[in-house]
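Quick notes on the structure that follows.
The values are calculated or read from the model by the stated rules, or taken from the named source; none is laboratory data. Just so it is clear, the model here is predicted, and its values are computed rather than measured. Using ideal geometry, Cβ is built from the backbone for each residue, glycine included, and neighbour counts are taken over all protein chains shown. Surface areas here come from the heavy atoms of the whole protein model, side chains and all, with no ligands, DNA or RNA. Shrake-Rupley method; radii C 1.70, N 1.55, O 1.52, S 1.80 Å.
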Amino acid sequence: MIPNAVAITPELVAEHGLKPDEYQRILDLIGRVPTLTELGIFSAMWNEHCSYKSSRLHLKTLPTSAPWVIQGPGENAGVIDIGDGMACVFKMESHNHPSYIEPYQGATTGVGGILRDVFTMGARPIAALNALRFGSPDHPKTRHLVAGVVAGIGGYGNSFGVPTVGGQTGFHTRYDGNILVNAMAVGIAKADEIFYAKATGVGNPIVYLGSKTGRDGIHGASMASAAFDDKSEEKRPTVQVGDPFAEKLLLEACLELMQTGSVIAIQDMGAAGLTCSAVEMGAKGDLGVELHLENVPCREEGMSAYEMMLSESQERMLMVLDPAKEKQAEAIFRKWGLDFAVIGYTTDTLRFVVKHHGEVMADLPIKELGDEAPIYDRPHIQNEFPPAIPAESVKAPLSTAEALVKLVGSPDLCSKRWIWEQYDHLILGNTVQKPGGDAAVVRVLDGPKGLAMTCDVTPRYCEADPVEGGKQAVAEAWRNITAVGGLPLAVTDNLNFGNPERPHVMGQFVGCIRGIGEACRALDFPIVSGNVSLYNETNGVGILPTPSIGGVGILDDVKVHASLAFKAAGEAVILVGETKGHIGQSVWLRDVCGREEGAPPPVDLAVEKRNGDFVRALIKARRVTTVHDLSDGGLAVGLAEMAMAGRIGAKIAAPAGASAAHGYWFGEDQARYLLAAAPAEAERIVAEAKAAGVPAVVIGTTGGDALTLGDEAPISIEKLRRAHEDWLPGYMAGPDAVVAA
C-alpha cells in the first residue's frame, strides 16, 4: 500500500471531475484507494479534454488516410507529404474556457500550445491561423473579450516570430457566456525527419526541457472539460501564463537537438502537463516510466508531487534521450538558456511510478491510464429539421442596395482589418496572400512551391441541420483553397459543442461528424489531426455547434495563384455554379429580416468537386487571376467584396425570370464561384464549362467606381468600403463611438 495522507472522500472525487461510477472503475483497476496524486493523475487522464471519452466512438468513423498522409490523428500534429522531400505539419486546437476567464493569457497560451504541437514533430512553424467566436456585440463583456483575445494572439505570435495569416471571426448571442478561441499552426519539415512521441528502449533517460514548472494551470484540462456557471471567474488560477520569448528559444533548441540524432521520443507538455506527456510516451512504446520529481526544475518553492504532476506551465517538453548523447544534448539547451534535467527513466514494468524524495506518490498501470479511460456511447437525438423557405414567401424589407450596405457593415461580414492588422502577417517574408481573402498563401522555403490555408465553419447551418452543416464546413474550406489555386490536401478540425450529456447536443455532434466524414471522403480531403472541445455552455445555455475546419492545400508555384480583387476594368464577370436563391439560414434573412430560421442550403459534394476542379484548372493554366467563392451573403456580398478589394466597380445584369430578386442576390447556394476574365477568354470559359457539365454564365462587366446590381441605383465603392471598414474599429472604440452600419 502507498501511504495516503489525504482522505479521498466523495466530495474530493467530485471536485476532480470524476463521477461515482468512474471512481469505482479506478478502484477496480488498481485494487485500492488511490493517493491524492493518483486521483489527480486519473482526473487529468480521464477528463474529456484528454480522454475524448464522449467522442472517440464517433471520431473513428472519419477518413484519416491517403497516399500523401504521413501521420494521421494520434500524434502531436498531422503530417502530409508535399513533395520534393518536404512535409507539412499542422493542427488546430481550442483554448475556449481559459480565454473566456482570462482572454489575454487564454489566447496567448492557446497559440503557444499549438505551435509546440507542430515543432515537437520536428517542423519549423511558418504560419498561424485562428477561428474566433464571440457573443453579441451588445453583451457587456464582448468588447473586453475581443480586445483581450486579439491582443493575446498578436502578442504571442508576433513575439515568437510566426505570421498570423488567416482565420475567421463571428458574433452570436449563443457565445455570450462561452467564447471560442481555436488556434491553428502550420509548419514544414523534411519528410524523413519527423519526430514522434513513442518511447523505445529500457533504461533510457527521460529529460525535462524548457521553462520551469509553477503553480499556474493546475487542473487546466479538467476546467476545460466542465461547463461554466456564474462563478467561472473563480477559475482564473487554472489559466496558464505564456512566454513567447522562452518558446522561441525552446523551438531553436529542439530543432538543433533533433539534428544530433539524440532524440528517441519527444512530447509537448500541454493539457495535463507532465502527467499526460509522460504517460503517453511510455504507453505508446509499451514501456513503463519512473519519475523522480525532486529533479523537476520549479520556479516556486515547496511544490508538491500533486502540483508538479498537474501543472500546465507553458514552454515545456518531455523527451526520451539516447543516453550516449546526454551531455551533448544538455550543452545545447544550456546554450539557449533553458532548463535541462533528467527526471526519470523508461522501464520494462508497464507501470507509471512517481517518486518524490524517495517516497512513492503514485504507482499505476500505465497502459490502462489511457486505454481504460471510460468510453461513452451517449444517447443522441436529432432535432426535427426545419423546412426550406422559398425566397418568394419572404418580403424584402429593404432594397437590394440598402440590404447590401447593411450586410457588408454587419458584425459577421464587416472587415476584420482591425483584428489582423494587430498580427504580424508578413514576418519571415513568405506571406504571398495576406489576410482578407479566401485563403492565405505562404511560400515554402524559397519557393516556388506554396501552401494555401484557411479556417471555416458556418455554425447556424450546423444548428439547423448538423449533417448538411458539417458537409458545408468542409466544402467551404475546400472551395477557399481552390479559389486561390491550391489543391486541397488535408484537414485539421476543432469540434466545439455544448454539453454531450444533453442528447440533442450529442445529436449535433454525431450529425456534424457524419457530414464532415462524407465531405472529406468525396473531396479527397482526409482529416489528419484535430481537437474536441465539449461542455461549452454557461448556466445551461450551450454554444452553437461549431466544428471549425482548418484546411491546407498545395500550389506548385505561388506566382500562379488567384485573389478575389477585381484587377481591371472591362473584364467579364462569370458566375460558376447554379443559383436557386436559397435564403434559409442566410445572413440576409437573419440580419435584414430578423429571422434566424429555415433549412440551410444543401451541399452536393459531386457538384462541389466538379465545379472546384474546373475553376482550379483555369487558375493553374493562368487563364484567370480573379476568383472568389460565394458563401455568406451570396452573390451580392461576393461582388461587393471583389469590388472593394480592387477598388473597381461592376455593372451586373438583373436575373432573368427570378420571382424574388433577393433570393438571387443574397441566396447562399453552395458550389459557386465568381471569376473575372477578358471578354474573349470569358466566352471560351463558358463554352468549356458547358462541355464539362459546369454551370457558368457571364453576368456583367467590371469598371467604374460603383457597383450596379440590376435596376438598382449604383452603390459607390466608397460607400461600401466605409460601411465595411468602419464597424469593427468603431465598435471597439466604445459604445459612444460605434458607427452605424
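Output yes when any residue across segment 249-268 is closer than 23 Å to H97 by Cβ, modelled with pLDDT under 90 and either out of contact with any Phe, Trp or Tyr (no Cβ under 8 Å at 6 or more places or on another chain) or surrounded by fewer than 24 Cβ atoms within 10 Å (Cβ to Cβ) (or both), and no when none is.
Yes, that holds for at least one residue.
For a quick check of your reading of the model, give me the residue pairs whose first member lies in segment 718-732 and is open to solvent by less than 30 Å² (accessible area, probe 1.4 Å), whose second is at pLDDT below 95, with beta-carbon atoms closer than 7 Å and at least 6 apart or on different chains.
A723/A741; W727/V739; W727/A741; G730/A737; G730/V738; G730/V739; Y731/V738
Per-residue answers, yes or no, for (1) under 29 Å from I481 (Cβ atoms); (2) surrounded by 24 or more Cβ atoms within 10 Å (Cβ to Cβ); (3) touching a residue at least 40 places away in the same chain (Cβ under 8 Å):
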| site | (1), (2), (3) |
| --- | --- |
| R124 | yes, no, yes |
| A131 | yes, yes, yes |
| H139 | no, no, no |
| H144 | no, no, yes |
| T169 | yes, no, yes |
| N182 | yes, yes, yes |
| A191 | yes, no, yes |
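Any residue in segment 33-45 that is surrounded by fewer than 18 Cβ atoms within 10 Å (Cβ to Cβ) and either touching a helix residue (DSSP H, G or I) at 6+ places or on another chain (Cβ under 6 Å) or of a type in the set (K, R) (or both)?
No, segment 33-45 has no match at all.
Among helices (runs of 4 or more DSSP H) lying entirely in segment 68-176, which contain 1 or more residues that are under 30 Å from G730 (Cα atoms) and within 13 Å of the chain's Cα centre (by Cα)?
96-101, 103-119
Residues being out of contact with any Phe, Trp or Tyr (no Cβ under 7 Å at 6 or more places or on another chain) and either buried (at least 21 other Cβ atoms within 10 Å of the Cβ) or among the basic types (K, R) (or both): count how many of those fall in segment 357-377.
2
Quick one: would you say T260 is out of contact with any strand residue (DSSP E or B) (no Cβ under 7 Å at 6 or more places or on another chain), closer than 18 Å to E315 by Cα and of a type in the set (S, T, N, Q)?
Here the answer is no, as T260 does not meet what is asked.
For L451, are the conditions met, namely being closer than 27 Å to A643 by Cα, in contact (Cβ under 8 Å) with a residue 40 or more places away in the chain and surrounded by fewer than 19 Cβ atoms within 10 Å (Cβ to Cβ)?
The answer is no for L451.
Kindly state which strands (runs of 3 or more DSSP E) lie completely within segment 354-443 and contain at least 2 residues that are of a type in the set (A, V, I, L, M) and farther than 30 Å from V510 by Cβ.
359-365, 440-443
Just to be sure I understand, how many residues within segment 372-424 are of a type in the set (K, R), farther than 24 Å from L534 by Cα and in contact (Cβ under 8 Å) with a residue 60 or more places away in the chain?
3
Criterion first (modelled with pLDDT under 95, farther than 21 Å from A464 by Cα and surrounded by 15 or more Cβ atoms within 10 Å (Cβ to Cβ)) does A391 satisfy it?
Against the criterion (modelled with pLDDT under 95, farther than 21 Å from A464 by Cα and surrounded by 15 or more Cβ atoms within 10 Å (Cβ to Cβ)), A391 does not qualify.
For segment 645-668, what are the residues that are open to solvent by 10 Å² or more (accessible area, probe 1.4 Å) and either closer than 21 Å to A562 by Cα or hydroxyl-bearing (S, T, Y) (or both)?
A645, G646, R647, I648, S659, Y664
Which one is nearest to T546 (Cα to Cα), of the residues in segment 514-528 that are assigned to a helix (DSSP H, G or I) and open to solvent by 10 Å² or more (accessible area, probe 1.4 Å)?
By that ranking, first place goes to R514.
Let's see how each residue does on (1) assigned to a loop (DSSP other than H, G, I, E, B); (2) open to solvent by 20 Å² or more (accessible area, probe 1.4 Å); (3) hydrophobic (A, V, I, L, M, F, W, C):
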{"site": "F245", "(1), (2), (3)": "no, yes, yes"}
{"site": "M281", "(1), (2), (3)": "no, no, yes"}
{"site": "L291", "(1), (2), (3)": "no, no, yes"}
{"site": "E300", "(1), (2), (3)": "yes, yes, no"}
{"site": "Y306", "(1), (2), (3)": "no, yes, no"}
{"site": "M319", "(1), (2), (3)": "no, no, yes"}
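When you scan segment 297-313, do you find a residue that is of a type in the set (F, W, Y), modelled with pLDDT of 95 or more and either touching a Leu at 6+ places or on another chain (Cβ under 6 Å) or on the phi > 0 side of the Ramachandran plot (or both), even just one?
No, every residue in segment 297-313 fails to be of a type in the set (F, W, Y), modelled with pLDDT of 95 or more and either touching a Leu at 6+ places or on another chain (Cβ under 6 Å) or on the phi > 0 side of the Ramachandran plot (or both).
Take the residues in segment 573-598 that are open to solvent by less than 20 Å² (accessible area, probe 1.4 Å) and assigned to a loop (DSSP other than H, G, I, E, B), then tell me which one is farthest from D465 (Cα to Cα).
Taking the candidates together, the pick is G577.
Just give me the residues in segment 465-490 being open to solvent by 10 Å² or more (accessible area, probe 1.4 Å) and touching a Phe, Trp or Tyr at 6+ places or on another chain (Cβ under 7 Å), in sequence order.
D465, E468, L489
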